[in-house]
Structure formats: structure tokens, C-alpha cells
Amino acid sequence: MSATNPLAAADGKMGAVSYTPRMTNPLFNANRFKLGIFSANCDGGLTMSLAPERWQANWDDIVAMTKIADESGLEFILPVAKWRGYQGKANIYGKSFETLTHGAALGAITKQIAIFSTVHVPLVTPAFGAKAIATIDHVTHGRAGLNIVCGWNQAEFDLHGVHIEPDTRYDHGLEWFQIWSRMLEGGPEFDWDGQFFKGLRNLHTSPVSVQRPRPPVMSAGFSPRGRDFAARAADVLFLNVTELDQVPALLADVAQHMARYHRSIRVFTMGHVVCRPTRQQAEEFFHYFAEEMADEEGQAYYRRNRGATVQGDGGAAIARPFENRFTRATGRRYAGGYPGAYPFVGSPDDVAAEMARMSATGLAGCTVAFVDYLKEIPFFVDEVLPRLERLGLREPRGSSV
Ligand SMILES: Cc1cc2nc3c(=O)[nH]c(=O)nc-3n(C[C@H](O)[C@H](O)[C@H](O)COP(=O)(O)O)c2cc1C
């Protein structure tokens, strides 16, 4: 092979490629309150609004935004797996990038941030999932992660001709996880004849993941079965929180699920950020995009489909919260962000203080989304992150966390 071969040029030692991770996955760093970017792979992001400022999810913007997040020390990128938009005038999510290929691409251009992929487990075999996540884990030298979604919207699955079984979707997901994780652990080939997966032969994958025994797993089931699944299989569970006084009861419930399996998982939630130099500016912009420009039809579509496939919260003692301080004040449904997202609206001091209050409830992290990620993240990074450091929620950047 010639010396000009870029493979040889990379480290000068052909065949001496080391798969030793250069760092641990930042999901396990010392920061008390973890932050990740959510839903930037889809147009609209997490904003059900007709405002023309809304996120268009152009690839080059996603790359630029991801590089800023990477350099600023945020912990993770979490994309949404979507197959069909929410209709309405804005049709948010009508355009979305597939998350495994998105993860491999972003993995190659980042240095420290964890790159999650979101997989609808009924649509991907465990063996495919194991190989794909192992690939991203090698691309990133140990920064891959998997968000397991068992499905809630039949209208999206109709593109695949796959039926969501509301009562057994998490049982199916658990079996998927068991096969997937065993494959990544390595060891001898094995066969699998279970309830949902039968006739799987000679299961193995090579290479196995860089992270041992497997990359971290997230899930976001809210129903009792969803929480139970997370307690058995996930490392991080997302729960919807729209007011902080909801948190103690939710965490107590998760603790019961964890005790059943003698496991400990961390609980995060998802937020939507409007941060401006002053509170008034932030609230005015919020009022504009979330109330004046609300995509009522898209919101109605979501309402219809939310309960169409999976009824209610499956008997959850605690109902999924949708109302927040803005919806209560205005009487509007879904003001800001996405139903169930926590609104951080205000000055950098306001947003940082609100995150500190959230952290104090026991939540270990939060996703952030913006009307325009690329335009708004630099201000968040420059103004909010240092305040979180001063409040003791995050280590000073540049320190080896
Ligand atoms: C942070 C977060 C990420 C999610 N990502 C997806 C996703 O990418 N695709 C999807 O279909 N559902 C996604 N969901 C929905 C959940 O998987 C789940 O269906 C929802 O929280 C309701 O829980 P339940 O299905 O147990 O009722 C997400 C939810 C949250 C809170």
C-alpha cells in the first residue's frame, strides 16, 4: 500500500489501529445536571409553531449546531425517530433524518459528545441494531448510545406495514434488548427462541462495542409498563415533567420499579428553551411563536394520535402532564415546545435558576431544544452554562470531567 494512502497517513502505523476508547462516554461524567440536544434531526425540532423562524433541519445547520454542542461540553445528542409528520400547516417532523445513519455521520465530526440513535425496536432486528450501534461506537471511540422506543403511533408504523401491539410492546422491547445487549457483550454464538423472536440462529456480532459491556441505553416510556421496561433495561429514563412539583411522586414511582430489579437508573426530562438577554424579550418571543403562531392543526393531530394507538397512560397512577405555567395562564393547550416539554423561558439567570431548581428535585438531566438551534445555542452556551457552573450543577469547562 502506498504511503499516500490516507489509512497509512492517519497514524503512520498500518494495521495498528487501536480501539481503546479515548475517553469515557460523557453521559457518565461528573456533571450533576446533564444536558443534551433533542430533536434537531427533524424540522420544527420540538416547536409546534408556524413561525418562519422554526428549525428547518438542514443538514449543514445540524452539523454546525452539533459542533458547537460538542465543543461546549454538552453531554449528548438525541435524535427523534419519525416516519411521518404531524400534518397541520407546519407539518413538523415531516422532514427527519434517520437516526443511525445520522449518528454515524455526527460521530465522525465530533470529539467528545455522546451520540445517541433512536430505534423503533419493532422496525429493526436486534442483530441489525447491534451491528449499527457497534459501528457508531467504533466511529466515536466509545461515545455511542441507544434510545429504545417501542412505538406509540400506528400512523407512523403504517409506512412499514408493522402493527403496534399496545399490550405487549414493552415485552417485545425487552426481548429485543436482551438479544441486542447479549450480542454486544460478545461471547459464544447463541440461538434464540423466545416469545417474540423465534428461530434466530448463530447470533453474534463483530466487532463488539467499544464500551463494555454495551453502550448506554435510554428510554422514555411513561406508562407503568414503559417505566418497568426502563427499570430493567435502560440506564436513563425520560419522564415528562411540566411543573417541578410533579417530580417527587414520579421519582418515588420509578424507585419502586428499580427496587423490583435491584437496579438504579437516572431520570431525565425534556425541556424547551427560550433564553434572551431579558425575561421580557424571552416572554415576548415565547408569546409570538407559541401562542400567536401556534400550529393548531398539528397540535390537534398530535392530540388525536396520542391516544389512538396506545390508550391513555395505560393505567398510570400519575397522568402524563401536559399543562405548564403558560398553558394555565393563557388557557391555551401546548403553549411552547411540544406537549409535555418543560418550558425554560427567561433571561440566562432565569433559565439557570430554573435548571438548578429542577436538579434539586432529583432529576439528573434534561434535554434542550430551541426554536432555532443554531442561532440560539451559542447564547445558551455563553450565558447559561457558566451560570450552571457557578451554581455547582456542572464542572467548569476545560476541567477533566
Ligand atoms: C425524550 C423523549 C424522546 C422520545 N423519542 C421518541 C422517538 O424518537 N420516537 C417516538 O416514536 N417516540 C419517542 N418518544 C415517545 C416515548 O417513546 C413514549 O412513547 C412516550 O414517552 C409515552 O410513553 P408510553 O409509550 O409508555 O405511554 C420520546 C419521548 C421522550 C420523552
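The values are calculated or read from the model by the stated rules, or taken from the named source; none is laboratory data. This one's a predicted model, so the numbers in the text were calculated from it and none came from an experiment. Neighbour counts are summed over all protein chains in view; Cβ atoms, including those assigned to glycine, are modelled from backbone coordinates with ideal geometry. What goes into the accessible areas is simple: the full protein's heavy atoms, side chains included, and nothing from ligands, DNA or RNA. Shrake-Rupley method; radii C 1.70, N 1.55, O 1.52, S 1.80 Å.
Selection of first residues in the stretch 372-393 that are closer than 25 Å to Thr361 by Cα and of second residues that are part of a loop (DSSP other than H, G, I, E, B) and at pLDDT 95 or above, restricted to Cβ pairs under 6 Å at least 6 apart or on distinct chains, gives the following pairs, ordered by first then second residue: Val381/Ser72; Leu388/Arg394; Leu393/Arg32; Leu393/Phe33.
Of all residues in the stretch 120-132, those satisfying the criterion of being within 14 Å of the ligand (Cβ to nearest atom) and assigned to a helix (DSSP H, G or I) are Val121, Pro122, Leu123. Looking at the stretch 81-119, which of its residues are in contact with a Phe, Trp or Tyr (Cβ under 7 Å, 6 or more places away or on another chain), in a loop (DSSP other than H, G, I, E, B) and closer than 23 Å to Gly271 by Cβ? Lys82, Gly85, Tyr86, Gly88, Ile92, Tyr93, Ile113 - these are the residues of the stretch 81-119 that are in contact with a Phe, Trp or Tyr (Cβ under 7 Å, 6 or more places away or on another chain), in a loop (DSSP other than H, G, I, E, B) and closer than 23 Å to Gly271 by Cβ. Starting from the stretch 250-274, keep only residues that are acidic (Asp, Glu), then list their pairs with residues that are in a helix (DSSP H, G or I) whose Cβ atoms are within a distance under 8 Å, requiring at least 6 positions of separation or different chains. Pairs found: Asp253/Arg227. For the stretch 67-80, the tally of residues that are out of contact with any Gly (no Cβ under 8 Å at 6 or more places or on another chain) and surrounded by 23 or more Cβ atoms within 10 Å (Cβ to Cβ) stands at 1. Within the stretch 268-295, being within 23 Å of the chain's Cα centre (by Cα) and in a strand (DSSP E or B) holds for Phe268, Thr269, Met270, Gly271, His272, Val273, Val274, Cys275. The residues of the stretch 200-244 that are hydrophobic (A, V, I, L, M, F, W, C) and either at positive phi or more than 19 Å from the chain's Cα centre (by Cα) (or both), listed by number, are Leu200, Leu203, Val208, Val210, Leu244. Scanning the stretch 262-285 for residues that are closer than 18 Å to Met48 by Cβ and in contact with a Gly (Cβ under 6 Å, 6 or more places away or on another chain) yields a count of 1. Suppose the filter is modelled with pLDDT of 95 or more and open to solvent by 30 Å² or more (accessible area, probe 1.4 Å); does Arg227 pass it? No: the conditions fail for Arg227. Residues in the stretch 348-376 that are assigned to a helix (DSSP H, G or I) and touching a Ser or Thr at 6+ places or on another chain (Cβ under 8 Å): 1 in all.
Counting only residues that are among the charged types (D, E, K, R) and either within 16 Å of the ligand (Cβ to nearest atom) or free of Cβ contacts under 8 Å to residues at least 12 places away in the same chain (or both), which one in the stretch 39-70 is nearest to Gly103 (Cα to Cα)? That would be Asp60.
Mind checking which residues of the stretch 43-66 are outside any loop (DSSP other than H, G, I, E, B) and either surrounded by fewer than 19 Cβ atoms within 10 Å (Cβ to Cβ) or touching a Gly at 6+ places or on another chain (Cβ under 7 Å) (or both)? Trp59, Asp60, Asp61, Val63, Ala64 - these are the residues of the stretch 43-66 that are outside any loop (DSSP other than H, G, I, E, B) and either surrounded by fewer than 19 Cβ atoms within 10 Å (Cβ to Cβ) or touching a Gly at 6+ places or on another chain (Cβ under 7 Å) (or both).
Against the numbered list (1) within 15 Å of the ligand (Cβ to nearest atom); (2) farther than 19 Å from Ser39 by Cα, Gly271 comes up short only at (2).
Scanning the stretch 133-144 for residues that are surrounded by 24 or more Cβ atoms within 10 Å (Cβ to Cβ) and part of a helix (DSSP H, G or I) gives Ile133, Ile136, Asp137.
Starting from the stretch 117-142, keep only residues that are farther than 16 Å from Met218 by Cα and among the acidic types (Asp, Glu), then list their pairs with residues that are part of a helix (DSSP H, G or I) and within 16 Å of the ligand (Cβ to nearest atom) whose Cβ atoms are within a distance under 9 Å, requiring at least 6 positions of separation or different chains. Pairs that qualify, where the first residue is farther than 16 Å from Met218 by Cα and among the acidic types (Asp, Glu) and the partner is part of a helix (DSSP H, G or I) and within 16 Å of the ligand (Cβ to nearest atom): there are none.
Elements of the type strands (runs of 3 or more DSSP E) sitting completely within the stretch 152-267 and holding at least 3 residues that are more than 12 Å from the ligand (Cβ to nearest atom): these cover 190-192, 200-203.
For the stretch 306-315, taking the residues that are within 8 Å of the ligand (Cβ to nearest atom) and at pLDDT below 65, the one that is farthest from Gln87 (Cα to Cα) is identified as Gly314.
The selection criterion, being at pLDDT 95 or above, out of contact with any helix residue (DSSP H, G or I) (no Cβ under 7 Å at 6 or more places or on another chain), within 16 Å of the ligand (Cβ to nearest atom) and outside any helix (DSSP H, G or I), holds for Asn147.
Within the stretch 374-391, can one find any residue that is surrounded by fewer than 22 Cβ atoms within 10 Å (Cβ to Cβ) and at pLDDT below 75? No, the stretch 374-391 contains no residue that is surrounded by fewer than 22 Cβ atoms within 10 Å (Cβ to Cβ) and at pLDDT below 75.
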